[in-house]
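Asks: Once you've had a glance at the structure underneath, I'll fire off some questions.
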Amino acid sequence: MVPSEGGRSEVAQLRRGVVQFCVLALLRDGEKYGFELVRELCDAQGVVTSEGTIYPLLSRLRNKGLVSSFWQESPSGPPRRYYALTPAGSQALERFTADWMSFRTAVDHLLHIEESQA
């Protein structure tokens, strides 16, 4: 069955809801600059995003205290703003991860039941 146009927008809405946690997860192992985050998110199948989405998101995460940022000279061009996970960001990611595992398990179970009844 091909998803309807509405189904695609619902998946896009779900994606928008979790992309901030994907960004926090990418920062878990160390600081990154904005375009680096965009590239890594685009490389992750199904988490397509753009600079126009990421930079406002990074600003909101910074305002919430979940990430910090600093400028650093670049060997190839203008200085870059790097982002790092704060302790509050790490805690938010841990809570989301626990909630996500439970949510994903429940959804997978429901989807599997539906498939087996088809």
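The values are calculated or read from the model by the stated rules, or taken from the named source; none is laboratory data. A quick note: this is a predicted structure, and the numbers were derived from the prediction, not measured. Cβ placement follows ideal geometry from the backbone for every residue including glycine, while neighbour counts extend to all protein chains displayed.
Asks: Tell me yes or no: at least one residue of the stretch 96-114 is among the small types (Gly, Ala, Ser) and surrounded by 11 or more Cβ atoms within 10 Å (Cβ to Cβ). Full working, then the answer.
Replies: Quick first cut of the stretch 96-114, residues among the small types (Gly, Ala, Ser) only: 98, 102, 106.
Adding the requirement that they be surrounded by 11 or more Cβ atoms within 10 Å (Cβ to Cβ) leaves none.
No.
Asks: If you don't mind, there's one more thing I want to ask. Of everything in the stretch 1-40 that's at pLDDT below 90 and either touching a Ser or Thr at 6+ places or on another chain (Cβ under 8 Å) or among the basic types (Lys, Arg) (or both), which residue is farthest from residue 82 (Cα to Cα)?
Replies: By that ranking, first place goes to 8.
Asks: Out of the residues in the stretch 27-46 meeting the condition of being assigned to a loop (DSSP other than H, G, I, E, B) and out of contact with any Phe, Trp or Tyr (no Cβ under 8 Å at 6 or more places or on another chain), tell me which one is nearest to residue 14 (Cα to Cα).
Replies: Looking at residues that are assigned to a loop (DSSP other than H, G, I, E, B) and out of contact with any Phe, Trp or Tyr (no Cβ under 8 Å at 6 or more places or on another chain), I get 46.
Asks: Right, here's the next one. Collect the residues in the stretch 47-86 that are surrounded by 11 or more Cβ atoms within 10 Å (Cβ to Cβ) and in a loop (DSSP other than H, G, I, E, B), keeping them in residue-number order.
Replies: Hits for the stretch 47-86 are 47, 48, 49, 64, 65, 66, 86.
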